[in-house]
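FYI, it's all coordinate maths here, none of it is from the lab. The structure presented is a predicted model; accordingly, all values stated were derived computationally and were not measured. Here Cβ is always computed from backbone atoms with ideal geometry, including for glycine, and neighbour counts include all displayed protein chains.
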Amino acid sequence: MSVDPPDCLPFSGSYRPEDVRFLLKPLEIAFVDLSEKERLIQTGQRHYSELLSPESLPSAHYLGLFEQALALNLGRMAQGVLDLAAMIAARRSGSIVLVSLARAGTPIGVALRHVLEGDLRRPTVHYAISIIRDRGIDRNALRYILARHPPADLVFVDGWTGKGVIARELKQALAGFAEATGIYLDDQLYTLSDLAGVGVAPTDEDYLIPSSILNATISGLISRSILNEQIGPNDFHGCVYYAHFAPDDRSVWFIELLLKEARALLGQGYRPNAQPIDPQGAQARSRRLLEAMARRGIRDANRIKPGIGEATRVLLRRLPERVIISDPADPALAHLLALADEKGVPLTVDPDLPYRAVSLIKEV
């Protein structure tokens, strides 16, 4: 089942080679500006995975807000990584193969690898592969992994869930893969925070995961995954590697900081919780959000991005119509308010919002 054509060789981005193997094909691509990208996507002329807008480095002001967010939330994230590692270890015997969903899942996968192998003494390898809404998972990447590891060792990892779209895409994609190959894989998605109640996670709290509010410079210098005419039948899905961002890269620095915090917690006697949350509360909250948005006249769920992380990413790489927040005094939202102000995006305060923040993509 090996897939080793010349264009399908793993690389590690800006991470250390032992931390992750990106099963992605580096591409050169013509960037499309945000307005044109939204027009092409929303009119059905192109799928979002075919297009990429230019990515820029964060401003000095935004980096200052990131540092504040890091100080407020690094301990919470470190606890989440320890808990999630304990959950994975409790559900797998022997070696563990982490399969993170690029790119939001990749920093989580890197940190988990260190905790599982270094602290829990479990042999662990980590791959990052592409999954795309309405297009499925990269089957060539799966075949590459399965040529090297038993199916029972695989664990799929992402950063968080918003509405649960990717978790459902994963289940559907793996069901199709099983039908085509006879190989059945565990379709549970392991995340730090499961806002939609669709996977395995230590919490459903809408807290700020610091890696969610930067782009390539905290994710190994890669773009989100791409599936366009440059991807051949034997290729992995694609990405852009932003080598020119290297002087500003924080990917390895962030992992080292996160692991230092996690080990400090262990040294203080923290005992990781291997019991995942009951998903029912998160599922009910997710339904309330969609109902509230429908009352606002927004019935296209693809335009609704709930949670601090998703709301931030809309402002970083999509064309936002509005940001809705629950509390303007919430320090976890300072970066979001600054981005909205910088980009001239209207802001609405709704104390009854089921999440701390929601961004709406503009209809064009």
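I'd like the chymotrypsin sites (Phe, Trp or Tyr not before Pro) in segment 80-157 restricted to DSSP loop residues with at most 11 other Cβ atoms within 10 Å, sorted by number. Don't jump to the answer; show the numbers that get you there.
Numbers: sites: Tyr127, Tyr144, Phe156; in loops: none.
Taking segment 80-157 and a limit of 11 other Cβ atoms within 10 Å, no loop chymotrypsin sites (Phe, Trp or Tyr not before Pro) are found.
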ask   = Where the centre of each part is set by its Cα atoms, how far does segment 17-61 sit from segment 98-169, in angstrom?
value = 21 Å
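If you count the DSSP beta bridges with both ends in segment 1-159, what percent of them are antiparallel, to the nearest 5?
Details: 3 of 15 bridges.
The antiparallel proportion sits near 20 percent.
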request  = Could you line up Met87, Met77 from fewest to most neighbouring Cβ atoms inside 10 Å?
outcome  = Met87, Met77
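Counting only helical runs of four or more DSSP H residues, what would the 222 nm mean residue ellipticity of the chain come to if each run contributes -39,500 (n - 2.57) and the total is spread over all its residues? It would help to have the intermediate numbers written out before the result.
Details: 9 runs with 128 residues, N = 364.
So the helix-based figure for the chain works out to -11500 deg cm²/dmol.
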remark   = The answer for Phe22, listing residues at least 5 apart or on another chain whose modeled amide H is closer than 5 Å to its amide H, is Phe11, Ser12, Gly13, Ala128
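Taking 29 Å as the cut-off for C-alpha to C-alpha distance, list the pairs among Lys171/Lys343; Lys37/Lys305; Lys163/Lys362; Lys25/Lys343; Lys171/Lys305; Lys37/Lys163 that go past it.
On the way: Lys171/Lys343 36 Å; Lys37/Lys305 18 Å; Lys163/Lys362 18 Å; Lys25/Lys343 32 Å; Lys171/Lys305 21 Å; Lys37/Lys163 22 Å.
Pairs exceeding 29 Å: Lys171/Lys343; Lys25/Lys343.
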query = Can you list residues whose amide H is under 5 Å from Glu321's amide H, if they're 5+ apart or on another chain and H is modeled 1.01 Å from N?
reply = Leu360, Ile361, Lys362
task = Straight distance only, please: which aspartates and glutamates reach the Cα of Lys260 with their own Cα at less than 13 Å, same-chain residues fewer than 8 apart left out?
result = Asp119
task = Could you tell me what percent of the DSSP beta bridges with both partners in segment 280-361 are antiparallel, to the nearest 5?
result = 75 percent
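Taking the Cβ of each residue in His244, His47, His237, His61 as the centre, tally the other Cβ atoms inside 10 Å and list the residues starting with the fewest. Could the numbers behind the result be given before it?
Details: His244 9, His47 15, His237 25, His61 12.
With the fewest neighbours first, His244, His47, His237, His61 line up as His244, His61, His47, His237.
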note = TM-like helix rule applied to the chain (DSSP H, alpha carbon span at least 30 Å on the long axis, mean Kyte-Doolittle at least 0.5) gives 60-91
query = Amide H to amide H under 5 Å from Ile96: which residues, 5+ apart in sequence or cross-chain, H placed 1.01 Å off N in plane?
reply = Thr124, Val125
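With contacts defined as alpha carbon pairs under 8 Å and 6 or more residues apart, what's the relative contact order of the chain in percent?
Value for the chain: 21 percent.
For Val32, Val97, Val110, what ranking results if the residue with the fewest other Cβ atoms within 10 Å of its Cβ goes first? Before the final figure, lay out the partial values.
Working: Val32 18, Val97 21, Val110 29.
The order, fewest Cβ neighbours first, is Val32, Val97, Val110.
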Relative contact order [Cα under 8 Å, 6+ residues apart], segment 280-361, whole percent = 42 percent
inquiry  = Restricting to bridges with both residues inside the chain, how much of the DSSP beta-bridge set is antiparallel, in percent to the nearest 5?
reply    = 35 percent
